Each structure stands twice: as C-alpha cells, then as structure tokens.
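For reference, the structure discussed in these notes is given below.
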C-alpha cells in the first residue's frame, strides 16, 4: 500500500515535470512521450544548456528547489526525467 | 623585440586567482605554470579543455612559456576535433577531467607541488608571439582559423579594463567559458593584464552565481551573458554586492539592463567584438544605444562593406554586422548580415548549415530557417525532403557536426520544399510554412470516437476518411473559408492513428492558392495532401 502511494506520487511528479518542460521549452513532443529513463541531453530529447537553464528556473519557481552545479553532478540531475524528479522530490520546499 | 609582461600583478604576493581551497599568489601561479610547462609533450599545439578557469589559465600560461599555441574551436564535436587535427596534426589535449572523451592524445592536468621560496620573475612575452588560434565556423563548413598575437590581445583587453574601471584589487567572476573569445579576453586576459584576480569558478545556475560571487572579496565584477543574467535576476535570490556587470554574446534588452543596474546597484557594460577582431567597443545600455569604439579603432567603408581597422587589428577585418557610424568614435548596431546567425553567443553561417544538411545521406533537399528574433534565444528550424528517413536519425547525424544550439527545432520532413519556379527558396515561403505550423491545430483523437467501433476489432484505427474530414474542418475554420470550397487534389495516408493519439494538423497556402496540409503525431507522419479551392458560388 505504502509502495503504491509512493509510486503514484512519483509518477504524478514525473507527469507534472514533463508537462512543465514541454510548456517552457515549446517542445515538439507531448509530455507522455518523454520517457522517464530516456536521456534529456543529446540523442534523447536533445536538450542543451540553454534549455537546462530555462527548466531550472521553472523548477525553482514551482518547487522551491535551487539547482546547483556543485551539489550533485549537474549532468546527472538532467540525465533523465526520473533523475530530475528524484532530485526535486528530495529537495523541494514547495 | 618588444615584449609585454605575462602578468600586471606587482608583487610575488599579489593575488592572481581565487580557488575554492584558497587564494593563489603570483609566486604560486608562476611556479605551477613552470611545473606544467615542463610536462608538456613536443607538439606545438594544444586544445585546452580544462573546465576550471584557474587550471585553464595555468595551461594557457604554460603553453605561452613553452612556445605552444592554444587552439580555441567554437565547440568540441567529433567532426570539429577531426578538423582541428587536420589543422594541427601535432595537437594534444590538456584536460582536468577523467571523463574527457576527445579523440586526441591527452595530457592530464597534474597535482602541483608547493612553490619554492626563490622569487620567480614575471615572464616577458614577445608581442608578436602567436599564443592562440581562435576558430569560427566558416561558410564552407571548415572552421576558419584566426591567429592571435600576445601584443594584440593585451592591447585590446587593456582598453577594456580601462573602460570598465577594473582595478588591481578587483576579482572577475565569469559564467562564460574561457575557451570562447569573450570569456578568454574578459575573464582571463583582462585579469592578467590589469593585475586583477580571476575566480576559478564557472557558475551556471542562479544559486551558483550567488555562491561564486560571495566566495570572493569586493570589489568583484560579473562577466556574463543576457541569458545567464536574466535567469539570475528571475530567480529572485538575494544578490551579493557587485562593483560591475559585463555582458556580451547577444544584444542586451534595455529593460533587462535597467533591472540589472537597479537590483545590483552597479554599472552594466556591454562589450562589442567578434572572434576576428577581438573586442573593439563598449556601451552602457542604460545610457543610450550608441557604442563607443576603443581608442585607435576606426571603421573603413569599401564597396558597401564596413571594416574594422587600427590599433590591435593588423589588417582591416570585414564586419558581419550592420554598423552605422555616427561619429568617429560612436556607432549604432542594426543586427547581423543575413547569412550569419548567432544563438546564445554561438555563431554559424546559414549557407554552411544548409550545405551540411544537404550532404547528409538520405537527404534530397533541405534548408535551415532562422525565424525573426523575438526573445533572447531564437531557435533554428529546418525543412527536409528525405523519403524514408526519420527526423531523429537526421538529428543524430547533425549532432556529430554541430553544437546542440544549432540543431533545428523542429526538423520538419516534407515531400517538397516550397521552391519558386526558378528553384530559389524565398525566405518568405519558409516563413509561411513554419508560421502555418506554429498555428497548427492540435487534436487529440477521443478514445471513444464512434468510428473505432468495428474498425478494427482489437486494433482500433481511425479511418482515413474521418481523419481527412477532421483535418479539413479545422483548416477551413482556421483560414475562414466554407468547407464546400475545398476540393481534395491529393491525399496520402502514411501511418495509422489510434485512440488518444495527439495529432498536429498543419497547413500552408502556396503562391498559386493551393493548400498543402500535413497531419503528424510527434515525429510520425500520419497523412499529407493538398487541397484546391473552388471559386465561391
């Protein structure tokens, strides 16, 4: 039961963050086409550092998380939707 | 031969850099420079990829002392590295990361010993020594080398330091990398030549910038770009005290300039220059639109092209911007010449991007399109004829050659480009194509659409006729015409659409008045066709 709740809220957050990314970056895909494990950089969604800065700003407003390069590996946080959401879930204040 | 000192720092105890583990004195810096120079291999060219600005500076100084040339390409894609190796077969790469995958012989940045007690003299560098070659992406696709001599670089950054009021007790913090011309000059050489200190950091996120600023003493200057500065202000964090802000890479919007000066209580300077010329002018955007040339720099107008010359510029250099001289010293900027694009400070030529696109295997025809710039960042788009190819395959091929900022968004696969009768591709036609797409209609096929009943049991597919009818109704509404004026000339169904599928219905009206439409779902093409218009009855 507990596990179910946890996985539900994880999925909700992933859906929500995917939707935020699609909106703030004007992406050509829909939120449900962003797979949790697919890379956001390079061959996956193809985000670059300009996008990452945009997403970081939206995430800071929505969840009260200030991303930092030195706290964890920046490349790792943005390696996939799941790792970004894990970071948000662990650090959110809103 | 005339020489100029490597550093303007007056005493062995002067602070050259601030690092997270403490300050670096001139003595310690010079000691580390000599240690690294002794380790350098025989090759006379290096690619300095150190991501820590201090280590980059040690690498640069060691290379200068060892008589080696630092190569500064605009990006490090596999293709650019291959071309760098053709330019300089003896090139090696200096890296401070274990994860560096650049395909060149590596020199790992070493652990350094403490400095010896004997004072190390500041090296004098011959002004004609070529210390760096900066590359631009040429219009042919081959990076174009621009050699930089020590004397010319020093001359230009000294003028900059004077304009910006950089004093010897100042610290420079940069969000821009030292590997690009702007960061090379404004975060590193300007510190060396004015006796200021540089911060090792390369802050990226707003919180990083605040932390990097707080870590160094006042007076401190932030060297950045409109993109980073806007994100930094928007984050609404408490801003550390600043002595000045420097911006380049993209035009600074006036409102952002005002906001920065008000919130930071510091002057904002904008730098103008190019990889070819180095920096040649500054302005305070809050004090007026006009730019002020550095002393000694002049314009030369010839055959409707404008050239920069004088002072540190050896031979006149044609400018890629539309420049309107106002007085001998003042000028106005009116954007770039048509072929040149600039995305977040990275430059490319449209001609060369088109050339690259058309050289990809499977591409029959294709063109990049740069929409009118509306914000700090405007993205390229591309339209491509490549039967049987996926957009993702083409993007992966482009990524081998291009910095990610130049990858098209979207890359649109079409049956034919809107070329006119002479085979030319008017910008207006591309503009119409993408505008129609931007106004594209989105329609999510309802899961309970009645047409799914019996079509087919266990594998619901929306019948083509229903799809077509929906598309026509949307297009008719969008262009304000009655549906009975439409006559379908052709239609092609490429792949099936099922329940919940999100369709994008795009259309474009050609010069002859025919309407081309396409229906896509993500990067999958569902259907396309064309419609002729009957005259109103």
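The values are calculated or read from the model by the stated rules, or taken from the named source; none is laboratory data. Just so we're clear, the structure is a prediction, and the values are computed from it rather than from any experiment. So basically every Cβ, Gly included, is an ideal-geometry build from the backbone, and we count neighbours across all protein chains shown.
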Fill in: Residue list for region A:26-50, restricted to those being part of a helix (DSSP H, G or I) and at the interface with another protein chain (Cβ under 9 Å from one of its Cβ atoms)
A:32, A:33, A:49, A:50
Worksheet entry | Qualifying positions in region B:228-255 - touching a helix residue (DSSP H, G or I) at 6+ places or on another chain (Cβ under 8 Å), more than 14 Å from chain A (Cβ to nearest Cβ) and not in a loop (DSSP other than H, G, I, E, B) | B:244, B:245, B:246, B:247, B:254
Worksheet item: For region A:61-83, which residues satisfy the criterion of being out of contact with any helix residue (DSSP H, G or I) (no Cβ under 6 Å at 6 or more places or on another chain), within 14 Å of chain B (Cβ to nearest Cβ) and at pLDDT 85 or above?
Response: A:61, A:62, A:64, A:79
Discussion item. Given the options B:352, B:392, name the one that is touching a residue at least 60 places away in the same chain (Cβ under 8 Å), within 14 Å of another protein chain (Cβ to nearest Cβ) and part of a helix (DSSP H, G or I).
Written reply: B:392
Worksheet item: Inside region B:433-470, can you point out the residues that are under 21 Å from residue B:522 (Cα atoms) and part of a loop (DSSP other than H, G, I, E, B)?
Response: B:439, B:440, B:445, B:446, B:447, B:449, B:459, B:460, B:461, B:462, B:463
Item to complete: Evaluate the following for residue B:365: is it more than 19 Å from residue B:74 (Cα to Cα), more than 14 Å from every other protein chain (Cβ to nearest Cβ) and within 18 Å of the chain's Cα centre (by Cα)?
Response: no
Response to the item:
Counted residues in region B:257-284 being within 30 Å of residue B:73 (Cβ to Cβ) and in a helix (DSSP H, G or I) come to 0
Practice prompt. Check whether at least one residue in region B:22-34 is closer than 18 Å to residue B:129 by Cβ and either under 31 Å from the mean Cα position of the chain (by Cα) or part of a loop (DSSP other than H, G, I, E, B) (or both), and report yes or no.
Written response: yes
Item to complete: Give region B:312-331 a look and list any residue that's assigned to a loop (DSSP other than H, G, I, E, B) and free of Cβ contacts under 8 Å to residues at least 12 places away in the same chain, or say none.
Response: B:327
Worksheet item: How many residues, within region A:9-38, are closer than 18 Å to residue A:86 by Cα, surrounded by 15 or more Cβ atoms within 10 Å (Cβ to Cβ) and modelled with pLDDT under 85?
Response: 2
Worksheet entry | Flag if residue B:201 is part of a helix (DSSP H, G or I) and either within 12 Å of another protein chain (Cβ to nearest Cβ) or in contact with a strand residue (DSSP E or B) (Cβ under 6 Å, 6 or more places away or on another chain) (or both) | no
Discussion item. Considering only residues that are closer than 14 Å to residue B:278 by Cα and not in a strand (DSSP E or B), which ones fall in region B:110-158?
Written reply: B:150, B:151, B:152, B:153, B:154, B:155, B:156, B:157, B:158
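Yes/no matrix, rows are residues, columns are (1) surrounded by fewer than 15 Cβ atoms within 10 Å (Cβ to Cβ); (2) farther than 17 Å from residue B:143 by Cα:
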position: B:338; (1), (2): yes, yes
position: B:342; (1), (2): no, no
position: B:346; (1), (2): no, no
position: B:349; (1), (2): no, no
position: B:353; (1), (2): no, no
position: B:369; (1), (2): no, yes
position: B:376; (1), (2): no, yes
position: B:385; (1), (2): no, yes
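Okay, residues lined up against (1) in contact with a helix residue (DSSP H, G or I) (Cβ under 6 Å, 6 or more places away or on another chain); (2) more than 18 Å from residue B:118 (Cα to Cα):
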| site | (1), (2) |
| --- | --- |
| B:8 | yes, yes |
| B:26 | no, no |
| B:37 | yes, yes |
| B:47 | no, yes |
Worksheet item: For region B:399-416, which residues satisfy the criterion of being within 16 Å of the chain's Cα centre (by Cα) and either in the same structural domain as residue B:525 (by TED's automatic domain parsing) or more than 21 Å from residue A:22 (Cα to Cα) (or both)?
Response: B:399, B:401, B:402, B:403
Worksheet item: Of all residues in region B:216-227, which are more than 11 Å from chain A (Cβ to nearest Cβ) and in a loop (DSSP other than H, G, I, E, B)?
Response: B:216, B:217, B:218, B:219
Worksheet entry | Any chance residue B:398 is within 14 Å of chain A (Cβ to nearest Cβ), in contact with a helix residue (DSSP H, G or I) (Cβ under 8 Å, 6 or more places away or on another chain), at pLDDT 90 or above and not in a strand (DSSP E or B) | yes
